[in-house]
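The structure appears right after this line, and notes come after that.
Please treat every number below as a calculation from the coordinates, not as lab data. Predicted model, so just to flag it, every value in this text is computed and none were measured. Methodologically, a virtual Cβ is constructed for each residue, glycine included, from the backbone with ideal geometry; neighbour enumeration extends over all protein chains shown.
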Amino acid sequence: MWAVTAWVLGAPVPVLTVAAILALLGPGQASLSSVARVSVALYAGTAAGLLILWSVGARQVFSWGPLVIGAGVIRMAVALAAGAAIYDPQRPDRVFFWGVLLVALLATLAAETAVARAAIARATRKPATGAAASPAIRMETSAA
């Protein structure tokens, strides 16, 4: 669980950093304010998705797939809704705003998918000779 949280919170940081640098080098404050607005929308969705995952508690890794998918869908839906709510009254640079939000959402999706796949791969490895196979590896024990 901690690995998912760390990766989901950290994945959009490089995207947002590059966007902020491009905004500083580009048209100026309009795009820099877009990055700030994207960050608010993105982390509102991230908080909603992580709230779902943390509320269900520790589970076996094999029952974790639908929860990760559900939390990812909720995260993206809330981020897009927050982005629309922020975009409508403010009207920042349209292409830059939605482009940065989309790339950051995809980076977060890739990170949470990688963590879930790594946890499942560890749980399905062939045990050492003489050891019993145990699918009880929990999501929070998976290191990224």
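When you count, for each residue, the other Cβ atoms within 10 Å and take the mean per peptide, how do 95-104, 80-89 rank with the highest first?
95-104, 80-89
Tell me the label-point distance for the pair Ala110, Arg122, using the 7 Å Cα-to-Cβ offset, in nm and rounded to one decimal.
About 2.2 nm, to one decimal.
Subtracting the Cα-Cα distance from 0.36 nm times the residue separation, let me have the gained length for Val18 to Ala36 in nm, one decimal.
The Val18-Ala36 span can extend by a further 5.2 nm.
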